[in-house]
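*Asks:* Next up is a structure, given as structure tokens.
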Amino acid sequence: MKEITKEVYLKWYEDMQFWRKFEDKLAALYIQQKVRGFLHLYNGQEAVLAGALHAMDLSKDKMITAYRNHVQPIGMGVDPRKVMAELLGKATGTSKGLGGSMHIFSKEHGFYGGHGIVGGQIPLGAGIAFADKYFETGGVTLTYFGDGAARQGSLHEAFNMAMLWKLPVVFIVENNGYAMGTSVERTANHTDIWKLGLGYEMPCGPVDGMNPVKVAEAMHEAIERARRGDGPTFLEMKTYRYRGHSMSDAQHYRTKDEVEEYKKIDPITQVLDIIKENNYATDEEIETIDERVKDLVAECEKFAEDSPYPDLNVMYDVVYAQEDYPFLPHKLQ
């Protein structure tokens with residue numbers, strides 16, 4: 001695995017801090033009704049992404065996930081201004097303002113969505129991996145889903161085919177404890193979701209999803225296994241979300257004390273502690289990073305606010321395409 005150096009820790013801190021503040025800004029914009037519909041935030045789960053990115057080869061590896069999907073494409077190289085514009089429904093967004101919060105997408109950067117159907121992305125991830133194997137690209141697909149989606153039947157079909165065909169895919173359940181609001185303990189007679197892989201003789205296991213180092217180590221092993229042609233791995237990232245399932249979640253199923261307990265092992269704090277213990281950065285340098293993060297979030301907000309909404313005709317252009325159809329001559333490019 002690539003060495004985890006001082007530079008990696010500093011990048012992790014800046015990236016995770018930016019992702020956290022980006023989501024906080026979206027929460028504020030949602031309250032102002034500038035972000036409409038649903039809004040699912042990633043606060044608390046940043047180590048899962050930071051660790052995975054360290055293990056990936058972004059020139060050929062891909063990622064697909066559910067609808068908690070704003071910061072993953074940013075991590076993979078998508079312009080964060082375009083992501084925020086998409087959330088505000090603007091024409092400069094990643095999908096020209098037509099996808100919104102739950103459907104961020106970038107083929108260019110290997111990010112295949114944001115999917116609103118619970119568990120719908122699991123077989124799609126296996127399909128992308130099948131394409132990589134068929135065309136011998138050497139790429140590996142990281143397929144993320146939540147603990148609630150782990151109860152979908154499509155998971156078992158995808159696991160079976162992925163093992164049968166030795167697909168280059170890593171399945172990752174981000175177990176943040178409550179799905180939409182129902183605890184893991186109430187959805188099955190077992191709480192170790194990773195053990196679902198045992199039925200398919202798929203390598204599987206739990207990972208500390210609050211620690212980017214542990215995530216990077218587990219992801220490296222799984223990705224390299226897939227790249228060698230040895231097939232899939234199933235990892236259970238044990239993590240926690242500080243905010244509700246979505247912004248409309250009243251969170252009656254847990255206490256504030258529980259949330260505060262998990263904040264004691266906050267992934268950003270863990271990384272910052274290591275930076276300070278090893279004198280990787282002075283307090284002034286950390287403040288400079290924080291200011292840089294603040295400025296970038298403000299730049300994203302301004303870009304999104306200043307961008308225009310898509311023209312009305314775009315709505316028609318993207319739902320119908322036929323070469324000899326004379327009534328709607330203009331097509332989206």
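The values are calculated or read from the model by the stated rules, or taken from the named source; none is laboratory data. These numbers were taken from a predicted model, which means no experiment stands behind them. Backbone-built Cβ (ideal geometry, glycine too); neighbour counts: all protein chains shown. Only protein heavy atoms, including side chains, enter the accessible area calculation; ligands, DNA and RNA are left aside. Shrake-Rupley method; radii C 1.70, N 1.55, O 1.52, S 1.80 Å.
*Asks:* Looking for whichever is touching a helix residue (DSSP H, G or I) at 6+ places or on another chain (Cβ under 8 Å), surrounded by fewer than 18 Cβ atoms within 10 Å (Cβ to Cβ), in contact (Cβ under 8 Å) with a residue 24 or more places away in the chain and of a type in the set (Lys, Arg) here; the options are 96, 2. Which one fits?
*Replies:* When all the criteria are applied, what remains is 2.
*Asks:* Quick check on my filter: what residues within the range 233-272 are under 19 Å from residue 18 (Cβ atoms) and open to solvent by less than 70 Å² (accessible area, probe 1.4 Å)?
*Replies:* 239, 241, 242, 266, 267, 268, 269, 270, 271, 272 - these are the residues of the range 233-272 that are under 19 Å from residue 18 (Cβ atoms) and open to solvent by less than 70 Å² (accessible area, probe 1.4 Å).
*Asks:* Checking residue 125 against (1) open to solvent by 10 Å² or more (accessible area, probe 1.4 Å); (2) in contact (Cβ under 8 Å) with a residue 12 or more places away in the chain; (3) closer than 17 Å to residue 223 by Cα: exactly one of these is not met. Which one?
*Replies:* Tallying (1) open to solvent by 10 Å² or more (accessible area, probe 1.4 Å); (2) in contact (Cβ under 8 Å) with a residue 12 or more places away in the chain; (3) closer than 17 Å to residue 223 by Cα, residue 125 fails exactly one: (1).
*Asks:* Here is a follow-up. Out of everything in the range 167-209 that is surrounded by 15 or more Cβ atoms within 10 Å (Cβ to Cβ) and among the charged types (D, E, K, R), what residue ends up being nearest to residue 251 (Cα to Cα)?
*Replies:* 174
*Asks:* Could you count how many residues in the range 41-65 are surrounded by 24 or more Cβ atoms within 10 Å (Cβ to Cβ), out of contact with any Asp or Glu (no Cβ under 7 Å at 6 or more places or on another chain) and more than 11 Å from residue 19 (Cα to Cα)?
*Replies:* 7
*Asks:* Do we have residue 178 as within 26 Å of residue 8 (Cβ to Cβ), in a loop (DSSP other than H, G, I, E, B) and of a type in the set (Ser, Thr, Tyr) here?
*Replies:* no
*Asks:* Please state which of the following conditions residue 241 fails to meet, knowing it meets all the rest: (1) over 25 Å from residue 62 (Cα atoms); (2) part of a loop (DSSP other than H, G, I, E, B); (3) charged (D, E, K, R).
*Replies:* With (1) over 25 Å from residue 62 (Cα atoms); (2) part of a loop (DSSP other than H, G, I, E, B); (3) charged (D, E, K, R) applied to residue 241, the lone miss is (1).
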